[in-house]
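What follows is calculated from the coordinates using simple rules that are stated; it is not laboratory data. Just so you know, these numbers come straight off a predicted model, no measurement behind them. Backbone-built Cβ (ideal geometry, glycine too); neighbour counts: all protein chains shown.
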Amino acid sequence: MRKIVMLAAGAMLLTGCGGRRNAPAEERDLRVLTRSSVAEAATVRLTEEFTSEIEPFRENDITPAASGVHIDRILVDVGDEVREGQLLVRLDPTQYNQQLVQLKTVEDDYNRLRPVYEVGGISAQQIDQAKAQLDIQREVVANLKKNIEVLSPITGVVTARNYESGDLFAQQPILHLMQIDPLKVIVNISEQFFPNVTVGMPVTLHVDIFPEREFPGRVSLIYPALDATTRTFKVEVTVPNRERTLRPGMYARTLFDMGSKPGVMVPDVAVQKQVGSSERYLYVIVGDTVAERRRVEVGRQVGDRVDILQGVSAGEQVAVTALSKLFDGAPVEVKQE
């Protein structure tokens with residue numbers, strides 16, 4: 001019996017010694033083989049993109065001052081380019097001529113009463129009434145004369161014509177004009193960029209129908225108040241359009257260069273998203289042996305690299321492969337290139 005016990009003890013001793021000899025190999029089997037990349041310090045350009053629609057720089061409705069007048073002739077049509085001060089519409093002069101005759105009658109009456117008043121034949125109230133009637137009639141004639149020939153207030157293009165020659169003007173404008181060189185874009189920008197935007201700063205415009213082209217513009221106006229609901233402020237960008245390539249109503253993307261800042265860039269494949277939340281994280285390789293899970297705040301992406309705003313320092317190694325096998329504290333073996 002004693003012999004059997006000694007044999008059992010010897011077997012256990014041998015097994016134990018063999019287990020210790022195999023321990024390093026087992027530990028190596030538990031390590032996750034991964035590749036790493038260095039988090040690099042870099043200068044990050046702060047380019048922000050905002051979407052909007054292209055608008056005419058100026059636009060005008062062409063309407064007479066008085067309604068109920070006949071249109072004698074419309075001298076332009078939709079699509080015609082017009083210059084500031086160009087004659088666009090002639091109205092029927094009949095009403096003007098009638099009022100002109102009436103003005104002559106009122107003037108004659110006043111001129112006859114004036115000498116009578118000077119010799120005391122009529123009262124001051126009577127001559128004042130005559131003078132007031134004359135002034136009113138002169139204003140009526142002046143307004144009608146102004147509308148007999150309607151001139152263009154801007155240089156632009158005719159985009160709508162609502163009447164034909166001989167029609168009676170009612171409520172709709174006779175013509176609608178747009179100035180399309182230059183054009184403008186009204187952009188709503190987040191309040192955080194208010195200190196970065198200045199009048200005169202360059203802006204790049206992109207439109208989907210010309211994907212290979214860039215159109216230069218400049219900030220021409222910054223609205224002084226912010227929208228309390230959206231926490232944005234309006235910026236007007238003026239865009240030259242001499243070739244008439246762009247048109248009002250086009251969808252546009254505007255790129256604003258807000259300057260630059262120091263950043264820490266890592267490959268975008270290193271950053272993962274926590275399922276069921278907006279949290280982003282990655283694994284930092286500590287001492288080439290252990291993976292440490294770090295929650296990070298992500299900035300802008302430049303090519304295949306992303307700026308880490310918080311959570312990683314320049315010079316640290318981050319895992320870029322076998323990420324699904326890693327966990328906080330996981331033993332790793334970094335594969336050399």
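The table below gives the values:
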read-out: Full-stretch length increase - Tyr251, Val302 - with 0.36 nm per residue and alpha-carbon distance subtracted; value: 15.9 nm
read-out: Taking the chain and dividing mean pair separation by its residue count, relative contact order in percent (alpha carbons under 8 Å, at least six apart); value: 26 percent
read-out: Options (i) 61; (ii) 25; (iii) 22 - which one matches percent of Cα pairs over 35 Å apart as calculated here; value: (i)
read-out: Magnitude of the charge dipole, the chain, Cβ model with Lys/Arg +1 and Asp/Glu -1, debye to 20; value: 1860 debye
read-out: Furthest towards positive pole of dipole, Ala270, Gly79, Leu183, structure part the chain, Cβ charges; value: Ala270
read-out: Gaussian network model of the chain, Cα within-10 Å springs - most flexible of Ala314, Ala170, Ala132; value: Ala132
read-out: Given charges at beta-carbon only (K, R positive; D, E negative), |dipole| of segment 64-161 in Debye; value: 100 debye
read-out: Sum of -39500 (n - 2.57) over DSSP H runs of 4+, divided by residues of the chain (222 nm, nearest 500); value: -8500 deg cm²/dmol
read-out: Label-zone membership for segment 41-68, site Ile209, 7 angstrom Cα→C-beta point, backbone N under 16 Å; value: 52-56
read-out: Reciprocal mean inverse distance between Cα atoms of segment 122-267 - Kirkwood radius, Å; value: 20.5 Å
